[in-house]
Amino acid sequence: MSPKAVFFAAAAVVLLALDQVTKVWVRANVEMRQEITIISDFLAITHAKNKGAAFSALDDFEYRLQVFYLFTAVAVVVIVQGWRQLPDKDRLQAFAMGAILSGAVGNLIDRIMAGEVTDMIKVYAGFEPLRSWAISKLGTNTYPIFNVADAAIVVGVGIFALVYIKGWDKVETPAATPAPPVPPAPPESNATAD
């Protein structure tokens with residue numbers, strides 16, 4: 001198995017499993033909108049539902065599920081095709097593609113099973129002066145609640161951005177070693193045979 005296949009499969013399987021396990025746990029153990037503080041004034045586990053896309057986009061669109069199914073199918077085809085074109089040793093982009101695939105499939109499973117996505121990670125600014133600044137400038141001090149699938153997609157896309165911004169996709173070829181110098185020819189002898 002090539003390195004790119006190992007990293008792609010590991011990212012896809014591990015992150016998808018983590019996404020599904022956390023969603024099952026939250027649905028079984030956390031009441032809707034209940035919060036469990038992890039880091040005071042910054043991070044909490046909660047139970048939220050999202051019928052739309054990121055930031056509740058398409059929440060009220062009648063054909064939203066069909067749009068999500070189509071989008072996910074196209075994304076899976078594009079990801080697998082892109083992965084196949086990677087060099088065998090490209091672990092970083094293979095991991096990124098596996099992460100994005102796990103996120104797309106993880107949220108698709110929710111939509112197929114329940115028509116909505118379970119979210120649970122709440123990041124917020126509960127301390128001053130950041131709380132007041134965020135509310136005055138952004139209208140809220142809470143980042144939209146998300147799940148492991150969403151995080152996997154963001155991490156995967158972030159890795160792609162870094163690869164292209166930093167030029168990590170360029171394979172360094174070793175500099176050609178110069179050929180050894182050709183030794184000078186021995187001087188011709190002027191002696192003549194008698």
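The values are calculated or read from the model by the stated rules, or taken from the named source; none is laboratory data. Note that the coordinates shown come from a computational prediction; the quantities given were computed from them, not determined experimentally. Here the Cβ is made from the backbone with ideal geometry for all residues, glycine too, and neighbour counts use every protein chain on show.
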Handout entry: Selection status of Thr22, outside any helix (DSSP H, G or I), modelled with pLDDT of 95 or more and not hydrophobic (A, V, I, L, M, F, W, C)
Key = no
Practice task
Considering only the stretch 2-25, state which residues are loosely packed, with under 14 Cβ neighbours inside 10 Å and within 18 Å of Glu116 (Cα to Cα).
Solution key: Val21, Val24, Trp25
Fill in the blank from the handout: Residue count, the stretch 115-136, condition surrounded by 14 or more Cβ atoms within 10 Å (Cβ to Cβ) and among the acidic types (Asp, Glu), comes to 2
Practice task
Give me a count of the residues in the stretch 26-58 that are hydrophobic (A, V, I, L, M, F, W, C), assigned to a helix (DSSP H, G or I), surrounded by 13 or more Cβ atoms within 10 Å (Cβ to Cβ) and modelled with pLDDT of 95 or more.
Solution key: 1
Practice task
Could you pull out the residue among Val123, Val105 that is under 21 Å from Gln66 (Cβ atoms) and touching a Leu at 6+ places or on another chain (Cβ under 8 Å)?
Solution key: Val105
Completion exercise
Among helices (runs of 4 or more DSSP H) completely within the stretch 82-173, the ones holding 3 or more residues that are touching a Lys or Arg at 6+ places or on another chain (Cβ under 6 Å) and at pLDDT below 90 are none
Problem - Qualifying positions in the stretch 15-31 - within 22 Å of the chain's Cα centre (by Cα) and free of Cβ contacts under 8 Å to residues at least 12 places away in the same chain - result: Ala17, Val21, Val24
Practice task
Could you please give the count of residues in the stretch 1-44 that are in contact with a Phe, Trp or Tyr (Cβ under 9 Å, 6 or more places away or on another chain) and over 19 Å from Asp90 (Cα atoms)?
Solution key: 5
